[in-house]
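Report on the structure given below.
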Amino acid sequence: MVDFSVTIGEITLANPVMPGSGTFSEVMEPVIDFNRLGAIVTKTVTPEIREGNPQPRVTEYKDAMLASIGIPSKGPDHYVDETVPYYRQFTPPLIASVQADTVEAFGVLVAKIGVSGVIAIEANISCPNMEQDGRAFAMECGPTERAIRRIKDSTDLPIWAKLTPNVGDIAEVARAAEAGGADALVVANALLGMAIDATTFRPKLGNLMGGLTGPATKPVILRMAYQCARAVSIPIIGCGGIATVADAVEYMLAGATAIQVGTASFIHPDAMIRIIDGLAEFCRQQGIGRVADLTGALKLGNEDRPARDAAI
Ligand SMILES: Cc1cc2nc3c(=O)[nH]c(=O)nc-3n(C[C@H](O)[C@H](O)[C@H](O)COP(=O)(O)O)c2cc1C
């Protein structure tokens, strides 16, 4: 028997697999058994009701997806009155993802959202900070630490800080989030990208730029998960390009305690279930008694030396 549980701070999950925010919703209930998931992470909620970005919002790019959805949101009241009660029927812990455009607004939103039934808050600090010219909070250490501290002060729930990969040194932002009181880090949100239609000379996305996600991004985000795991002592939840059991194992070996699956669920709606089943089988085949033993088990040989930026 493989012990499949993992702990993220004070929360124990039945297994390490959960959805990435915004890539999962109630509409998947007929397709997958929600009770098999390690946790349920809901779409990011904003303080205001939002329509989202202009169309087109998604374009495909070789083993990746470029999307600019713009966080359409039904607001906190809908979340508390409809979403939380809906998910109460399922056993996995519910994680509420939130974003706001000022430090203060983050605090107010989290105080509203942190109701009974929600077990942790995922702070999507990869979103624009209106006090910082619209640069994402998680692009800089000061705003990261301030936002997480404000959120932490607004609730007793554990805080998972979701970082952006659009930074030069993610380890220093990870340390800032930890200093602000984050209980775990989600590494990471989407890579900023753009695509142009060479026949029309027009951008392929209505918002010009969007987030690149999916398997093609895995080496970049995996590297960041590894760097964050070495930089902080709080748990890491890996998220970026995970589509197979091997992808999940790689993230855990790099130091992740748990993983999130996003784009892969659009291709195979049962991707998370396949990974859960495959991970159990992988552990049995490898003689691993506890899935948690994979975390940080990367074996380094001659390459165990300070990573150089210019590795090529
Ligand atoms: C269509 C779409 C919507 C998303 N919406 C959100 C969101 O609301 N909040 C958030 O934090 N991340 C959002 N993300 C980012 C994902 O949660 C995840 O971080 C990203 O897709 C990387 O994982 P992947 O490569 O497995 O897709 C979204 C991604 C996609 C593709």
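The values are calculated or read from the model by the stated rules, or taken from the named source; none is laboratory data. Source: prediction; values computed, not measured. Cβ sites come from the backbone with ideal geometry, for glycine too, and all protein chains shown count toward neighbours. Just so you know, the surface numbers come from the protein's heavy atoms only, side chains and all, with ligands and any DNA or RNA stripped out. Shrake-Rupley method; radii C 1.70, N 1.55, O 1.52, S 1.80 Å.
Annotations
- Region 159-255 - convex hull of alpha carbons, volume per residue in Å³: 106 Å³
- Selection from Ala195, Trp160, Leu185, by position along the positive dipole direction of region 154-312 (Cβ): Ala195
- Cα-only Debye scattering, region 97-145: base-10 log of I(q)/I(0) at q = 0.21, 0.31 Å⁻¹: -0.68, -1.17
- Where the chain is the region considered: accessible area per residue in Å², 1.4 Å probe: 46 Å²
- Taking every DSSP helix (H) stretch of at least 4 residues in the chain, weighting each as -39,500 (n - 2.57) and dividing the sum by the residue count yields a mean residue ellipticity at 222 nm of -8000 deg cm²/dmol.
- When a 1.4 Å probe is rolled over the protein heavy atoms, the share of accessible surface on the chain that falls to carbon and sulfur comes to 52 percent.
- Region 66-101 and region 194-224 have Cα centres separated by 25 Å.
- Protection proxy ranking, peptides 203-213, 46-56, average beta carbon neighbours within 10 Å, highest first: 203-213, 46-56
- For region 68-81, 3J(HN,Hα) computed residue by residue from phi via the Karplus equation (6.51, -1.76, 1.60; θ = phi - 60°) reads 9, 7, x, 6, x, 9, 8, x, x, 5, 4, 4, 5, 7 Hz, glycine and proline entered as x.
- Extension gain, Leu253 back to Val220 (0.36 nm per residue minus Cα-Cα distance, nm): 10.4 nm
- Cα shape, region 64-209, gyration tensor, a/c 1.5 rule: oblate
- Shape box of region 1-156 [Cα atoms, principal axes, largest first, Å]: 52, 40, 31
- Given Lys74/Lys152; Lys43/Lys162; Lys43/Lys204; Lys43/Lys74; Lys62/Lys162, the pairs whose alpha carbons are separated by over 18 Å: Lys74/Lys152; Lys43/Lys204; Lys62/Lys162
- Per-residue packing, averaged as other Cβ atoms within 10 Å, sorts the ranges 20-31, 272-283, 249-260 into the order 249-260, 272-283, 20-31, beginning with the highest.
- Computed from the alpha carbon positions, the gyration tensor of the chain leads to an equivalent ellipsoid with semi-axes of 26, 24, 21 Å, biggest first.
- Label point distance in nm, Ser116-Leu300, each placed 7 Å from Cα along Cα→Cβ: 4.8 nm
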